[in-house]
Amino acid sequence: MIQQKAYVVLVMVAAIFSTQLLMAQQTNIHVVPLPEHMVLNAGRLVIDGSFNVKIAGYSDPLLKRAADRLLDRLQHRTGIPLHPQGDTDSNPATLQIQCSGAGEALPSLTADESYQLEVTDRAARLTAASPIGILRGMETFLQLIELDGQSFFIPAASIEDRPRLRWRGLLIDASRHWEPLDVIRRNLDAMAAAKMNVLHWHLSDDQGFRVESLKFPKLHEMGSDGHYYTQAEVKGLVAYARDRGIRVIPEFDMPGHSTSWLVAYPELASAPGPYQIERSWGVFEPCLNPALESTYSFLDALIGEMAALFPDEYFHIGGDEVNEKQWSASPTIRAFRTRHQLKDNRELQAYFNQRLLKIVTKHGKKMMGWDEILHPDLPSNVLVQVWRKQPTIGDTVRRGFSAILSYSYYLDHMRPASFHYEMDPLGKDADSLSAEERGRILGGEACMWAEFANPDNIESRIWPRAGAIAERLWSVSVPTDAADLYRRLDRFNQELRFLGLRHADHQIEMLQRLAGYQDIAPLRKLTELLLPTGLGVRQRTRKYTSFSPMNRMVDLVFPESETARQLDLQVQNLLADPAGTAAARVRASLADWKDNNAAVQTMIGRSYLLEEIRPMADTIAELCERGLQAMDFIQNGQKPSEAWRKETKDLLSRADKPQAEMLPAITGSIRRLFEAIAAENAGKNAENGK
Ligand code: ACM
């Protein structure tokens, strides 16, 4: 018995010890997305001027270009000039790339993205069955770079990695606001770093038709304000993406969201024109006419032309948010419905989609669309992108369709990374599915709708949060606690800057634009304490158009505040141990931010653009002051007056309402302090038998 007990204790101690060991190791692992299997070993591979890359085994131009890029990035990251490939042939390889074969010519759903990376103190070896696996492994390699008092180095490690889901996409809306090619290319670089593999390019909507059409030039000439991608540019971008193992899927949204097409071709509309490019945001009436044969011959020619530009097997036809008004109002469309025994406009859209499917198939593509296209009349070989709460992804695959998830992955809603991270295409909803049904869940896509995103701020709206979605889709086993995600995401964010992403620089430029030639330091400090509201709140607050200036604080503050997150951790530490070191830190931060307000108010007086943030700056200062007072009560064990409580409650509810379309990022922490006093007093009252 005693022996048994001793054994149990021993096992428990061993378990605790090995868990801690694992945890300790984990905190040294910064890779996003987290590899399936990664062990850090003793030793390091030093990176110095002798570093070289060699492609052993299968080689091709794509791999060579990838190795060149790796060398460039390593050189940029370390500042150490490195020898180009081929220059050091007589030396042993520092990074040996061992690819088994050519793999598929194009990145595709069936590509083998797995890889192994072995790093010792003498060399690194990256092995994969196909070039695309090598690309994924190179990104891991680059994220492993460390710097310490001695050198740059890669820690010795053994990594085996592969994706959990095959479809890991990012939608970029280039219609609501024009997003030039350099923006798209930077996002492709970041996607590759996050091992995302599908760019869903939303190329047409009410506000713009963004691709040159040689067959129907009026589309881009009249429907884009001159902001469109030429066909040569599209091909170049597709090649750029292919080099990074990323598929490019175009979306031409129809039959709704098509005002920009109808500017040039009003005869295709369901109501007489003329039409103008839509300048505001929402769901609008103009809609293609599904009752006209000429609509289908037009679409046949256009889709044929566009399909040829995009080698991927999928073609996205949109299909979302059809406003039925024009269809219901048109006698000829109503007569068409009767003639075809279509009982309502949903059936009419299903008819339209069936015709569309024939066209898309004829041009060698598989059709995909938003979940509104779900209909019993539509064959199940259509891929459905689930973006609404209902139908769920489970409902969709149960009905025989393949599906990807975007519901809960809308980056324009300005939710924290932890919110997106919790959402899993194979989550609870998928528990009751058969293996076959689960197999039809291909993955997911983060969506960057661009009502409030232009080239100045789109990168900050996507990154680093899309990294959380990328990890959810890639990683086989991920930590459930967001704290570990944030630790790694913070570093990943820095990696993105090394890679050339402009989000942090853009924020500084935008702040300077607001401040004129004043020193932006106080404003920057305030920025870290603010959050922007998302699409819904902004739309309800005022009328926006594509001519609304994007030169406000709300346009530049990051969707998530690392500063506020750190404060909240400190506040939690403080409450757990009021006599510990956290208290002094929290006090110092709150006092600093409170004092910052004087300088901010001076700046506001010197720039009309800043006037609207005056109340918010005051609210932040008040929150800090209340937080300091709350700490006094907690630390002195005193009880606040009823008046103080009421004022604090009023302040907190004021802080919960957007001001200048922003919210304070620190309200949660101040509320935590306030509630701790309430709880403490309740506890004391209970002790006193009250
Ligand atoms: C959508 O957000 N309308 C797909």
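The values are calculated or read from the model by the stated rules, or taken from the named source; none is laboratory data. The structure presented is a predicted model; accordingly, all values stated were derived computationally and were not measured. When we count neighbours, we look across all protein chains shown, and the Cβ atoms used for this are built from the backbone with ideal geometry, even at glycine.
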Is segment 212-232 home to any residue that is of a type in the set (Lys, Arg) and closer than 28 Å to Ala470 by Cα?
no
Output yes when any residue across segment 636-655 is buried (at least 21 other Cβ atoms within 10 Å of the Cβ) and touching a Ser or Thr at 6+ places or on another chain (Cβ under 8 Å), and no when none is.
yes
Per-region count, segment 410-421, residues among the hydroxyl-bearing types (Ser, Thr, Tyr) and within 11 Å of the ligand (Cβ to nearest atom):
1
For Leu302, state whether it is at pLDDT 95 or above and closer than 22 Å to Leu171 by Cβ.
yes
Does Gly226 satisfy being outside any helix (DSSP H, G or I), surrounded by fewer than 20 Cβ atoms within 10 Å (Cβ to Cβ), modelled with pLDDT of 95 or more and on the phi > 0 side of the Ramachandran plot?
yes
Looking only at segment 384-403, count every residue that is away from the ligand (no atom under 12 Å from the Cβ) and either of a type in the set (Phe, Trp, Tyr) or crowded, with 23+ Cβ neighbours inside 10 Å (or both) and tell me the total.
5
Consider only pairs whose beta carbons are under 7 Å apart and that are at least six residues apart or on different chains; among these, list those whose first residue lies in segment 622-645 and is farther than 11 Å from Ile677 by Cα and whose second residue is aromatic (Phe, Trp, Tyr) and outside any loop (DSSP other than H, G, I, E, B).
Cys624/Trp593
Flag for Asp89 being more than 22 Å from Ala157 (Cβ to Cβ), among the acidic types (Asp, Glu), more than 27 Å from the chain's Cα centre (by Cα) and at pLDDT 95 or above
no
Pick from segment 155-197, criterion buried (at least 24 other Cβ atoms within 10 Å of the Cβ) and more than 24 Å from Pro107 (Cβ to Cβ), ranking: nearest to the chain's Cα centre (by Cα):
Ser175
Count of segment 94-111 residues which are assigned to a loop (DSSP other than H, G, I, E, B) and crowded, with 18+ Cβ neighbours inside 10 Å
5
Taking only pairs six or more apart or across chains, which ones have beta-carbon atoms under 8 Å, a first residue in segment 650-661 that is farther than 11 Å from Leu623 by Cα and touching a residue at least 12 places away in the same chain (Cβ under 8 Å), and a second residue that is among the acidic types (Asp, Glu) and surrounded by fewer than 19 Cβ atoms within 10 Å (Cβ to Cβ)?
Ala660/Glu612
What are the pairs, 6+ residues apart or on separate chains, where a residue within segment 338-354 that is in a helix (DSSP H, G or I) has its Cβ under 6 Å from a residue that is among the basic types (Lys, Arg)?
Leu348/Arg337
Subset of segment 369-383 (residues that are more than 12 Å from the ligand (Cβ to nearest atom) and not small (Gly, Ala, Ser))
Leu374, His375, Pro376, Asp377, Leu378, Pro379, Asn381, Val382, Leu383
Inspect all residues belonging to segment 423-443 and state whether any of them is more than 30 Å from Glu509 (Cβ to Cβ), at pLDDT 95 or above and within 15 Å of the ligand (Cβ to nearest atom).
no
Can you give me the ranges of the helices (runs of 4 or more DSSP H) entirely in segment 537-625 with at least 3 residues that are more than 30 Å from Gln207 (Cα to Cα)?
562-576, 582-605
Residue tally, condition under 25 Å from Ala241 (Cβ atoms) and not in a strand (DSSP E or B), over segment 36-83
21
Can you name the residue in segment 275-322 that is in a loop (DSSP other than H, G, I, E, B), of a type in the set (D, E, K, R) and away from the ligand (no atom under 16 Å from the Cβ) and is also nearest to Arg540 (Cα to Cα) among such residues?
Arg279
Which members of segment 309-349 meet the condition of being among the small types (Gly, Ala, Ser) and within 29 Å of Leu109 (Cα to Cα)?
Gly318, Gly319
Across segment 256-274, what is the total count of residues that are in contact with an Asp or Glu (Cβ under 8 Å, 6 or more places away or on another chain) and in a helix (DSSP H, G or I)?
3
Which number in (1) of a type outside the set (Asp, Glu); (2) within 27 Å of Gly427 (Cα to Cα); (3) in contact with a helix residue (DSSP H, G or I) (Cβ under 9 Å, 6 or more places away or on another chain) marks the one condition that Thr110 misses?
(3)
For residues that are within 16 Å of the ligand (Cβ to nearest atom) and in contact with a helix residue (DSSP H, G or I) (Cβ under 6 Å, 6 or more places away or on another chain), tally how many sit in segment 323-363.
2
